[in-house]
Structure formats: C-alpha cells, structure tokens
1. Provide the per residue accessible area, probe 1.4 Å, for the chain, rounded to a whole number of square angstrom.
2. Tell me the relative contact order for the chain as a rounded percent, counting alpha carbon contacts under 8 Å between residues six or more apart.
3. How far, in nm, would the chain grow between GLU141 and ALA89 when pulled straight, counting 0.36 nm per residue and subtracting the alpha carbon separation?
4. Counting only helical runs of four or more DSSP H residues, what would the 222 nm mean residue ellipticity of the chain come to if each run contributes -39,500 (n - 2.57) and the total is spread over all its residues?
5. Can you tell me the relative contact order of region 10-138? Whole percent, Cα pairs under 8 Å, sequence separation 6 or more.
6. Would you please give the residues with an amide H less than 5 Å from that of ALA34, counting only those at least 5 places away or on a separate chain, with H modeled from the backbone geometry?
7. Highest GNM mean-square fluctuation, the chain, Cα pairs closer than 10 Å: which of ALA136, ALA124, ALA51?
8. Please report, in Å, the Rg and the Dmax of the chain, where both are computed over Cα atoms only.
Amino acid sequence: MKADFHCHTSASDGSLSPKELIDRALEKELSALAITDHDTTAGYEQIQDYAQENGLDLIPASEISCQWQGHTIHVVGLNIDVDNERLQAGLKANRIKRWTRAFEIDAKFQSRRFHGLLEKILPAVGEGMIGRNHFAQALIEEGHIKNHQQAFDKFLKKGKPMYAPVEWPELTEVVDWILDARGIAVIAHPHIYKISSNKLNKMIEDFKAAGGQALEVVNQPRPCAEQIGMAQRAERYELYASLGSDFHRPEQSWRDLGWLAPMPKACQPVWQLFEECFSGTAIEKGAQSS
Ligand code: AMP
Ligand code: MN
Ligand code: MN
Ligand code: MN
C-alpha cells in the first residue's frame, strides 16, 4: 500500500487546493491519504466526495497544535469524526489563537517597516486558518526573502524578532478531543522537537497515559537514524507507527507527497486500526508501505 498520513492544503498553510492535492495523490498512485491541515478539517470536508469518486481512501484528519512542558507539539488526529462538537470547538479555539498571533506578528513587522503583510495574506485566507507560513509566503512575494526557510530563520522562529508565542492547549487535552471524536492520536514528526531524548520519552509516556496510540515513525524518503530511533520507541511503548511526508508545496522538492521510506518491519502500522474504512481494492491486508 502507498499511503501518506501527513500533508497540507491551502485550507491551512499548503500551496495546493484540496482538489490539486488529491490529483497529485492520484498521480503518485497513493491508495490512502490523510489531509492533516493545521487546526482545521475544512479541506477534507470540501474534497471527500471527489476523493471517493476517484478511488482514493481519504482519512478524516487534522494536525493539532498543543503544548507539553512549554514546548509546542503537533498531534495528528487520524480517522476522526469531523462532526464531533468538542473537537471542532477545540480546533476553532486554536484558529482564534492563530488570528490573535497573526495580528501580533503583523504589528512586529510593521514596527520594523514591513507594511501591508496581513492585508496581502487576507484574501487567500478568508476566515480560515492563518499561520506563520502565510507571512513567509507574503515576504517571498514582496521580494524580501527567497524561500520559506529564510523567513523562519530571519524572522519567524523562536528567538527571532517577529516570533509571537501562543498558549496552545495541553497535549493531554488535545489527545482527549481526538479520543472524543473516536480518532487515533499520533505524535507528529517526533524527531523535530528541540528536547532531549529523555524528555521526549517522558512526553511519549504522558501521551500514552492520556490515550495516545501512535508515533509518526516514517517521514523521510530514506531510512535514517531518526526513523530507527522512533521505530524503537514505538516498539518499546507499544504504540502504532504512522507515516507522512508533511508535504506543503511542490517547490520543496525534498519532501513530496507519498515519497517515504518503507514502514520498518517491526512496527505495527497505524492503518491496522482503521483499515476496515478502506475501500479495499488497492490494499492487501497487512501489506507494508512500499
Ligand atoms: P504555525 O503552526 O503557523 O506556527 O506554523 C508551523 C509551520 O511552520 C510548520 O508546519 C512548518 O511548516 C513551518 N515551520 C515551523 N518552524 C519552522 C522552521 N524552523 N523552519 C521552517 N519552517 C518551519
Ligand atoms: Mn505547516
Ligand atoms: Mn507540524
Ligand atoms: Mn504538518
């Protein structure tokens, strides 16, 4: 089975519309996909019928911002009930925090004579999700920087002048929203958090105690040391393993939809928990990603 359970559309900070993303998934011959837009399910809701008509198993999902011991952590909710009121109220509260932060970021830019960024962002975002990548895109379009990475390195990441912190909900609370919506909570890209190995283990323990069920083990095209470490943790903590590219835009050629190393043999793939939702045509029971 070829699957990707972590990617973004223009409903959050990706550059492709939900339809363009589904078309790319079909081009890449994926059989299962989860759109994991930050703090919203709008992209999924818009495009689920189109995915179904084209034989792609689209898993309802979202990547939810939260915090653990003051660190911002992303938890993916997979196979969630998008009509769950508690989950949707939580996602909405997060989007409101994002708007508050966007005005703070814009004020910081204005104080350094970068004017009109928010106005430039607004038409595309509407009342949807706003994130730091929108500021990065506006800065690129205005010719201030060359790419998204530069925007974070010069302005937007923690420690840089336009960084504005957010009081995200606690990790355990977000896991609870996902459980309420009968979904599977997955720690997204566990290797990117700037915490020690011991702290990461402690976070995984707290996550598991709250009802979290999976770790994103595979997120790069080739097997690597980080992946081995996360596969070992999944085994040690008896967690399922997920996989996802975190695709945002085609220009980022090092990270494409479905371009992922195979799931390590020792891991229990997370789709075992919801493969009854798949149409079944392209999926052999127990097959590993390839
Ligand atoms: P936000 O949730 O709006 O704070 O933005 C988070 C997104 O910004 C992530 O999904 C990444 O796409 C991007 N991002 C965060 N930190 C960095 C970084 N240090 N370098 C590049 N991109 C980053
Ligand atoms: Mn993003
Ligand atoms: Mn993330
Ligand atoms: Mn992501």
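The values are calculated or read from the model by the stated rules, or taken from the named source; none is laboratory data. The model shown is predicted, which means the values in this text are computed figures rather than measured ones. Ligands, DNA and RNA are excluded from the accessible area calculation, which covers all protein heavy atoms including side chains. Shrake-Rupley method; radii C 1.70, N 1.55, O 1.52, S 1.80 Å.
1. It amounts to 45 Å² per residue over the chain.
2. So the answer I get is 22 percent.
3. Fully extending the segment from GLU141 to ALA89 adds 15.4 nm.
4. -11500 deg cm²/dmol
5. 24
6. ASP4, PHE5, HIS6, ILE59
7. ALA124
8. Reported Rg and Dmax, both Å: 18.3, 58.
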